[in-house]
């Protein structure tokens with residue numbers, strides 16, 4: 001059977017108008033040599049695609065928004081789920097039901113009307129489904145753990161092409177793997193997600209000239225040493241292209257009132273000389289504006305590492321060029337206490353996460369990679385070697401995201417649930 005007769009959604013093949021754009025990942029420059037792109041109409045269409053792929057001996061990879069692409073996509077069918085865009089918020093039960101194409105910005109706009117939030121990350125353009133598949137390091141992770149820990153149920157299509165509802169009670173192994181183990185085991189079509197009260201959220205960004213980096217990092221260390229779980233603080237050294245000046249910024253959120261937040265952040269105010277300060281009470285729908293990340297595909301080249309310590313001098317003084325940003329996120333709290341039985345992410349013991357960003361341009365990419373490598377090497381034993389799955393980059397693999405016993409369990413579930421090799425995650429658990 002021809003693929004176009006197997007599904008109702010739009011099918012694009014190599015060489016056709018619109019194919020290159022449809023196959024393009026979020027990180028422009030990552031090549032995806034896929035055999036077709038399918039834009040599914042609904043969950044039944046996803047099931048039809050899986051049945052077709054199984055019978056034809058083909059593989060499907062799902063990229064709702066294109067984030068996290070590794071380029072490991074030779075000959076696969078690329079599934080886009082943008083049309084699975086239903087959102088239902090049950091404010092009384094504090095639960096949202098969201099389709100696999102729903103992005104965080106839209107979900108927060110809906111939950112914010114009820115004084116509720118989900119465990120969202122820094123970008124409003126990332127899909128809920130893609131975020132939780134990799135665990136999801138949320139603004140509120142210190143309070144509520146991995147974003148995947150908040151999933152109460154999945155609607156999936158399994159390797160037989162059957163639509164199934166999966167919960168911890170109905171299928172403990174698959175539920176565990178889907179919560180942070182990547183997309184190797186089934187295709188998620190909808191998620192039931194727990195929501196949390198957010199009647200008052202404080203957030204924003206403080207900006208200083210780059211000359212204040214040492215003082216800002218010192219304050220960052222002091223504040224994060226005993227920060228309550230309601231407070232999340234991220235620090236950035238920014239080196240935009242000339243003539244824009246280099247900067248150091250701090251991004252914060254606090255699940256509570258202004259007075260409490262300001263008291264916790266006094267060390268930043270004592271530095272003085274800030275260029276701007278947007279902190280204040282905010283609508284949860286505006287959470288994605290704090291980090292000011294691009295909402296359109298861009299040629300990003302990133303590297304992420306987890307840190308066991310905070311080498312302030314090295315981070316504050318290291319040469320950045322040609323990187324655009326060096327970011328450190330404070331983790332800890334509930335992330336460090338996650339129950340390994342609850343989801344594949346397990347406990348994230350490292351208290352900080354380092355994110356190094358440059359541009360994936362032909363004349364810059366090699367220099368960007370070299371600077372990233374040099375910075376990581378300079379941090380020495382502070383780099384743990386583990387990376388969150390949701391932050392893996394094309395040069396990484398799934399083995400870097402999980403302890404050996406976790407990876408072994410994921411591989412066993414993959415072999416048992418997908419013996420035909422119908423599904424391939426961006427970063428497969430099997431070689």
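The values are calculated or read from the model by the stated rules, or taken from the named source; none is laboratory data. Just so it is clear, the structure is predicted and the values come from calculations on it, not from any experiment. So basically every Cβ, Gly included, is an ideal-geometry build from the backbone, and we count neighbours across all protein chains shown.
Which residues, taken from the range 389-421, are farther than 30 Å from residue 53 by Cα and either part of a loop (DSSP other than H, G, I, E, B) or touching a helix residue (DSSP H, G or I) at 6+ places or on another chain (Cβ under 7 Å) (or both)? I'd like the intermediate steps shown before the answer.
Taking the range 389-421 and keeping what is farther than 30 Å from residue 53 by Cα, we get 403-405.
Correct list: 403 only.
Might you check whether a residue that is more than 19 Å from residue 401 (Cβ to Cβ) and crowded, with 17+ Cβ neighbours inside 10 Å occurs anywhere in the range 335-342? Steps first, please.
Of the range 335-342, the ones more than 19 Å from residue 401 (Cβ to Cβ) are none.
No.
Closer than 20 Å to residue 141 by Cβ, under 15 Å from the mean Cα position of the chain (by Cα) and modelled with pLDDT under 95: is that true of residue 390 in this structure? Write out each step before concluding.
Working: closer than 20 Å to residue 141 by Cβ: yes; under 15 Å from the mean Cα position of the chain (by Cα): yes; modelled with pLDDT under 95: yes.
Against the criterion (closer than 20 Å to residue 141 by Cβ, under 15 Å from the mean Cα position of the chain (by Cα) and modelled with pLDDT under 95), residue 390 qualifies.
Listed here are the residues, each with its yes/no results for (1) within 20 Å of the chain's Cα centre (by Cα); (2) over 23 Å from residue 61 (Cα atoms); (3) surrounded by 18 or more Cβ atoms within 10 Å (Cβ to Cβ); (4) not assigned by TED's automatic domain parsing to the domain that holds residue 145.
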position: 173; (1), (2), (3), (4): no, no, no, no
position: 181; (1), (2), (3), (4): yes, no, yes, no
position: 186; (1), (2), (3), (4): yes, no, yes, no
position: 206; (1), (2), (3), (4): no, yes, yes, yes
position: 214; (1), (2), (3), (4): no, yes, no, yes
position: 217; (1), (2), (3), (4): no, yes, yes, yes
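From the list 109, 96, 53, which residue is touching a strand residue (DSSP E or B) at 6+ places or on another chain (Cβ under 7 Å), part of a helix (DSSP H, G or I) and not assigned by TED's automatic domain parsing to the domain that holds residue 330? Full working, then the answer.
Working: 109 fails: touching a strand residue (DSSP E or B) at 6+ places or on another chain (Cβ under 7 Å); 96 fails: part of a helix (DSSP H, G or I).
Result: 53 is the single residue among 109, 96, 53 that is touching a strand residue (DSSP E or B) at 6+ places or on another chain (Cβ under 7 Å), part of a helix (DSSP H, G or I) and not assigned by TED's automatic domain parsing to the domain that holds residue 330.
Restricting attention to the range 296-309, does a residue exist that is loosely packed, with under 14 Cβ neighbours inside 10 Å, under 20 Å from the mean Cα position of the chain (by Cα), assigned to a loop (DSSP other than H, G, I, E, B) and at negative phi?
The answer is yes; a qualifying residue exists.
Can you pull out the residues in the range 278-294 that are in a loop (DSSP other than H, G, I, E, B) and either closer than 16 Å to residue 357 by Cα or in contact with a helix residue (DSSP H, G or I) (Cβ under 7 Å, 6 or more places away or on another chain) (or both)?
In the first step, residues of the range 278-294 are kept if they are in a loop (DSSP other than H, G, I, E, B); the result is 278-279, 283, 290-294.
If the condition is that a residue be in a loop (DSSP other than H, G, I, E, B) and either closer than 16 Å to residue 357 by Cα or in contact with a helix residue (DSSP H, G or I) (Cβ under 7 Å, 6 or more places away or on another chain) (or both), then 283, 291, 292, 293, 294 are the ones that fit.
Do we find that residue 272 is over 18 Å from the mean Cα position of the chain (by Cα) and either assigned to a strand (DSSP E or B) or not assigned by TED's automatic domain parsing to the domain that holds residue 180 (or both) in this structure?
Values: over 18 Å from the mean Cα position of the chain (by Cα): yes; either assigned to a strand (DSSP E or B) or not assigned by TED's automatic domain parsing to the domain that holds residue 180 (or both): yes.
Spelling it out, residue 272 is indeed over 18 Å from the mean Cα position of the chain (by Cα) and either assigned to a strand (DSSP E or B) or not assigned by TED's automatic domain parsing to the domain that holds residue 180 (or both).
Those residues that are in a helix (DSSP H, G or I), closer than 22 Å to residue 72 by Cβ and over 23 Å from the mean Cα position of the chain (by Cα), I need them from the range 10-45; list them, please.
Across the range 10-45, the qualifying residues are 19, 20.
Would you be able to say whether some residue in the range 307-319 is free of Cβ contacts under 8 Å to residues at least 24 places away in the same chain, in contact with a helix residue (DSSP H, G or I) (Cβ under 7 Å, 6 or more places away or on another chain) and outside the structural domain of residue 140 (by TED's automatic domain parsing)?
No: the range 307-319 contains no residue that is free of Cβ contacts under 8 Å to residues at least 24 places away in the same chain, in contact with a helix residue (DSSP H, G or I) (Cβ under 7 Å, 6 or more places away or on another chain) and outside the structural domain of residue 140 (by TED's automatic domain parsing).
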